[in-house]
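Please treat every number below as a calculation from the coordinates, not as lab data. Predicted model, so just to flag it, every value in this text is computed and none were measured. Here Cβ is always computed from backbone atoms with ideal geometry, including for glycine, and neighbour counts include all displayed protein chains.
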Amino acid sequence: MDSSSLIVQFGQQLINGISLGSIYALIALGYTMIYGIIRLINFAHGDIYMVGAYAGFFATTMFKFSFIPALIFSMAAAGVIGMVIERVAYRPLRNAPKIAILITAIGVSLFLEYGGMLLVSPQPRTFPVLFESEVYNIGGMVINSQQVVILVVSLLLMVILTYVVNKTKMGKAMRAVSFDTEAAQLMGIDVDKVISFTFGIGSALAAAAGVLVGIYYNSIDPLMGIMPGLKAFVAAVLGGIGSLPGAMLGGTILGIIEALVSGFWSSTFRDAVAFAILIIILLWKPAGLLGKNIREKV
Amino acid sequence: MAMLKVDDINVYYGAIHALKGISVEVNQGEIVTLIGANGAGKSTTLRTISGLLKPKTGQIMFEGKNIAGMAAQNIVKLGISQVPEGRRVFAHMSVLENLDLGAYLRSDTKEIKADMDMVFGRFPRLAERRGQLAGTLSGGEQQMLAMGRALMSRPRILLLDEPSMGLAPLLVKEIFSIVKDINETGTTILLVEQNAHMALSIANKAYVLETGRVILSGDAKELAASEEIRKAYLGG
């Protein structure tokens, strides 16, 4: 391979990696927000992404929604489901030992996966084409309109999220609860409401990722959330769990690394490399790239 | 009728019986202090009034309403605001954002602005550092911020938990004179302190706690003069 084709190949994998990475980032944001607020690794989060993909699927096939309304419908539906899960499964265990709520999260995950199979059948479904695919050629590198849509939608959602968290009253309350729940209560903040809101937002972002992946790969199934869920968890840890910019950065980096491994080596090793990153981060910098020093509450 | 009447409350941490029938009365306009050694139940009493802990039995009447077991945010709404032990400012947020959070339940933007100016008037050092992250403030400044933050909810009664903890003697004096000031502008105060000497010097009434019980109570000046208190809590 000569050097110019190497550069083109590298650029191509970078494009693929960034679009895959922004999917990871959207899912990782929910992981990190929920961890930040109740210190729970919500293992059902990847399945919320699957639920979002199905909500988008039914919105477009049954209700004939176009892309944007379907995306909004899916985000709203998953948001509500996320809030219901928190209310029913996690809230009663808030003061229980951490292991109880963690195992409950795994239970919820299995419930969504196999409940989903029962409800929508285990067969993969073809996600409808929502807009004409165009392929752009930039100096030998190929980028299609799905990738552009993924990038634009993810960026837009991340900008909105950053604004909500930093500038709005609810965002301030979220940061306060995440930093010191009791002190937040003393401000008059309704902690239950803030936690519920966080689950809603995190789930909506995962749902958006689900719809975007449906558009990109055209295929969805009830177990589609397992691997991306785990990868997004790696991304959240890589960036520093609890940190929003960390989740965005971690997702993007993971996506790029995976694309480069697939492009230059073999896609067989893609997942192995992703989880090797998790192990290396945990050994070398457990707080993650942008994570603060972990301060255990006593 | 007392503004705040804690009536025979029993509070448990799991199996540990932390408060064994504590009763405390605070009248409007007073400074009342709870003194006693570490682990006597002073902070637990405040945390129970604030709704962070729920009493197993007993009543907490605030202006004629039983607030025992109410959610913490609804207690703040009624006009009870706590400055917690160790200040617990939101370290990763600016001074301004901390004060904003103090006014979380209010939506009267203009009045909030006026109250913020009032807080900055009372604590000029906070005004200078309004854009700074709270975590970068000194201990004394953090105490001032925690007090300012609590005042932003316009409390009818302010609960102060160990405001002198970890501060240099000169700062302790300053904090106590501010507490007295706040009281003189119409806010009732319930003060928990290990520094019994300072607490008794500004309080109207005092309760002495020991292992979850009130063992003595009465006029602060009289308690400060009593032989028993001098020996046990004032270092001779």
For B:Leu191, the residues 5 or more places away or on another chain with a placed amide H closer than 5 Å to its own amide H are B:Val32, B:Thr33, B:Leu34, B:Leu160
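Give me the count of lysine pairs in the stretch A:25-225 whose alpha carbons sit under 24 angstrom apart, restricted to pairs 8 or more positions apart or on different chains. Working shown, then result.
Numbers: A:Lys98/A:Lys193; A:Lys167/A:Lys193; A:Lys169/A:Lys193; A:Lys172/A:Lys193.
The result is 4.
Checking the a/c ratio against 1.5 first, then a/b against b/c, what shape does the Cα gyration tensor give for the stretch B:78-119? List each step's numbers first, then the result.
Working: a/c = 2.06, a/b = 1.35, b/c = 1.53.
In terms of gyration-tensor shape, oblate.
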If you project the alpha carbons of the stretch A:150-298 onto the principal axes, what extent comes out on each, in Å, largest first?
-> 54, 36, 26
For B:Leu216, distant residues with modelled amide H under 5 Å away | B:Val208
More than 18 Å apart: what percent of Cα pairs in the stretch B:90-236 qualify?
-> 60
Relative to the longest principal Cα axis of chain A, at what angle does helix A:98-120 sit, 0 to 90 degrees, rounded to 10?
-> 50
Percent RCO, i.e. relative contact order, over the stretch A:25-225, from Cα pairs under 8 Å lying at least 6 residues apart = 45
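Taking 1 over the mean of 1/r across every pair of different Cα atoms in the stretch B:188-236, what Kirkwood radius in Å do you get?
Working: mean 1/r = 0.0918 Å⁻¹.
When all Cα pairs of the stretch B:188-236 are included, the Kirkwood radius is 10.9 Å.
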Phi-derived 3J(HN,Hα) across the stretch B:197-213 with the Karplus relation (6.51, -1.76, 1.60, θ = phi - 60°), rounded Hz, x for Gly and Pro, is 4, 5, 4, 5, 6, 10, 7, 8, 9, 9, 10, 9, 9, 8, 6, x, 10
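Under the definition of Cα pairs under 8 Å and six or more residues apart, what whole-number percent is the relative contact order of chain B?
28 percent.
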What is the P(r) of the stretch A:14-94, as percent of Cα-Cα pairs per 10 Å bin from 0?
-> 17, 41, 32, 10, 0
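Helix-derived [θ] at 222 nm for chain B: sum -39500 (n - 2.57) over DSSP H runs of at least 4, divide by residue count, nearest 500?
Details: 10 runs with 92 residues, N = 236.
My calculation for chain B gives -11000 deg cm²/dmol from helical runs alone.
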Partners for B:Lys205 among lysines (Cα-Cα distance below 28 Å; same-chain residues under 8 apart left out) | B:Lys5, B:Lys20, B:Lys42, B:Lys54, B:Lys56, B:Lys65, B:Lys77, B:Lys173, B:Lys180, B:Lys221, B:Lys231
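Can you give the % of DSSP beta bridges in the protein assembly as shown that are antiparallel, to the nearest 5? Please list the in-between numbers first.
On the way: 28 of 47 bridges.
Given both bridge residues lie in the protein assembly as shown, the antiparallel proportion sits at roughly 60 percent.
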The long-range amide H neighbours of A:Asn144, using H built 1.01 Å from N in the peptide plane and a cut-off of under 5 Å, are A:Tyr136
Ranking B:Ser107, B:His197, B:Leu126 by how far each Cα lies towards the positive end of the charge dipole of the protein assembly as shown (+1 on Lys and Arg Cβ, -1 on Asp and Glu Cβ), the top one is B:His197
Compute the acute angle (0 to 90°) between the alpha-carbon long axis of helix A:45-61 and the principal axis of greatest extent of the alpha-carbon atoms of chain A; round to the nearest 10°.
-> 60
Principal axes first, then extents: for the Cα atoms of chain A, list largest minus smallest coordinate on each axis, whole Å, largest first.
-> 63, 48, 35
Rounded to whole Hz and in sequence order, give me ³J(HN,Hα) for the stretch A:176-183 from the Karplus expression 6.51 cos²θ - 1.76 cosθ + 1.60, θ = phi - 60°, writing x for Gly and Pro.
-> 5, 4, 5, 7, 7, 4, 5, 4
Taking N as the number of residues in the stretch B:87-154, what is its alpha-carbon radius of gyration divided by 2.2 N^0.38 Å?
-> 0.97
quick shape note, the protein assembly as shown: Cα extents on principal axes in Å, largest first -> 92, 49, 46
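Just to be sure I follow the definition: excluding the sites themselves, where is the longest run in chain A that has none of the chymotrypsin sites (Phe, Trp or Tyr not before Pro) in a DSSP loop with at most 11 other Cβ atoms within 10 Å? Show your work: numbers first, answer last.
Details: sites that count: A:Phe63, A:Phe131, A:Trp265.
The segment A:132-264 is the longest one with no such site.
Please report the relative contact order for the stretch B:87-154, taking Cα pairs under 8 Å with a sequence separation of at least 6, and give it as a percent rounded to a whole number.
Once normalised by length, the contact order is 55 percent.
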Tilt of helix A:191-217 relative to the longest C-alpha principal axis of chain A, in degrees (0 to 90, nearest 10)?
-> 10
